[in-house]
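Structure, as structure tokens:
The values are calculated or read from the model by the stated rules, or taken from the named source; none is laboratory data. Since we're looking at a predicted model, the values are computed, not measured. Here the Cβ is made from the backbone with ideal geometry for all residues, glycine too, and neighbour counts use every protein chain on show. Side chains are part of the model used for accessible areas, which takes the heavy atoms of the whole protein and leaves out ligands, DNA and RNA. Shrake-Rupley method; radii C 1.70, N 1.55, O 1.52, S 1.80 Å.
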Amino acid sequence: MIFTTQKISESYWKVRIENPPVNVFDAAFSKQLIVLMDEMEAEENLKVVVFESANPDFFVAHVELLNITDFPKGTGKTGLSISWPDIAKRLEQASFVSIASIRGRARGLGSEFVQAFDIRFASKEKAFFGQPEIGIGSFPGGGGLERLHLLTGKARALEIILSGNDYDAETAALYGWVNRAVPDAELDAFVTNFAERIASFDKFAIASIKSIMNERAVLPKNDHIMETQTRFFQSLESPESRQRIKRLLDNGLQTSGDVELNLGKHL
């Protein structure tokens, strides 16, 4: 199983991600995430869920680039593609609070994955972020063009997306990409204390806060998300993109090694 759920209490769950070697977001990841989302939504007493990685070098590396056609097809509960956009929207709208406790790399769809969470805390020493799609002749297709600028502002989102580079946790926190960078030795205790504090409060109040804020906020529109995803997949079929992806795969992309650890440099 890619997702291992530890039910600390009926109101507080921890979910550990483990998809060797580098935690790519592949078809199995997507299918199991759909099941997990159904389980979380069905638990009416759930108040807070923390996601963390079993791999200290990779939170979620990026989308799996060899077998994209294997992703689940169809429309989810929100009217968006079931493969990922539907889950992202459901996380935003859920009555529980979702927290990403990030160690390792969160790039591409990995970055877009955590952007859909309510709150993000990152290891000061071990978390790195990036939107590397421009390096394969493409652009963010999983919500990055719709959500990142809401966190960082337009200018910084453009810097991140157009550079394709890696950003450390302190810079990510400065930009608003994550809530804060926490010293690695303190991260687990900090997130646990924060999650337990939320879990001690009233469920109705928690759900109301999220619901009202969502009503007031400028959330991504479904048609924008779907159009971007369609254009993203189309971009991967271009000769330039195929050539760039092949070069990266030949050099070790999606395996545990220097390309994945220092992807910004290799782009």
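The set of residues in region 150-176 that are closer than 16 Å to GLU125 by Cα and out of contact with any Pro (no Cβ under 9 Å at 6 or more places or on another chain) comprises TYR167, ASP168, ALA169, GLU170, THR171, ALA172, ALA173, LEU174. Residues being free of Cβ contacts under 8 Å to residues at least 12 places away in the same chain and either open to solvent by 10 Å² or more (accessible area, probe 1.4 Å) or not in a strand (DSSP E or B) (or both) are represented in region 170-184 by at least one member. Contact annotation: residue pairs with Cβ atoms under 7 Å, 6 or more positions apart or on different chains, pairing a residue in region 1-20 that is closer than 15 Å to PHE194 by Cα and in a strand (DSSP E or B) with a partner that is open to solvent by 70 Å² or more (accessible area, probe 1.4 Å) and polar (S, T, N, Q), are TRP13/GLN6; LYS14/GLN6. For PHE51, the conditions (1) part of a strand (DSSP E or B); (2) surrounded by fewer than 21 Cβ atoms within 10 Å (Cβ to Cβ) are fulfilled apart from (2).
When each of LEU162, LEU109 is tested for being over 25 Å from MET40 (Cβ atoms) and either touching a strand residue (DSSP E or B) at 6+ places or on another chain (Cβ under 8 Å) or not aromatic (Phe, Trp, Tyr) (or both), the lone residue that passes is LEU162. Condition check for ASN222 on (1) surrounded by 14 or more Cβ atoms within 10 Å (Cβ to Cβ); (2) in contact with a Pro (Cβ under 7 Å, 6 or more places away or on another chain); (3) among the polar types (S, T, N, Q): one failure, at (2). Condition check for SER238 on (1) open to solvent by less than 60 Å² (accessible area, probe 1.4 Å); (2) free of Cβ contacts under 8 Å to residues at least 24 places away in the same chain; (3) over 24 Å from VAL60 (Cβ atoms): one failure, at (2). Across region 185-219, the number of residues qualifying as open to solvent by less than 80 Å² (accessible area, probe 1.4 Å), more than 29 Å from ASP168 (Cα to Cα) and charged (D, E, K, R) comes to 1. Evaluate the following for LEU65: is it in a loop (DSSP other than H, G, I, E, B) and within 17 Å of the chain's Cα centre (by Cα)? Yes, satisfied.
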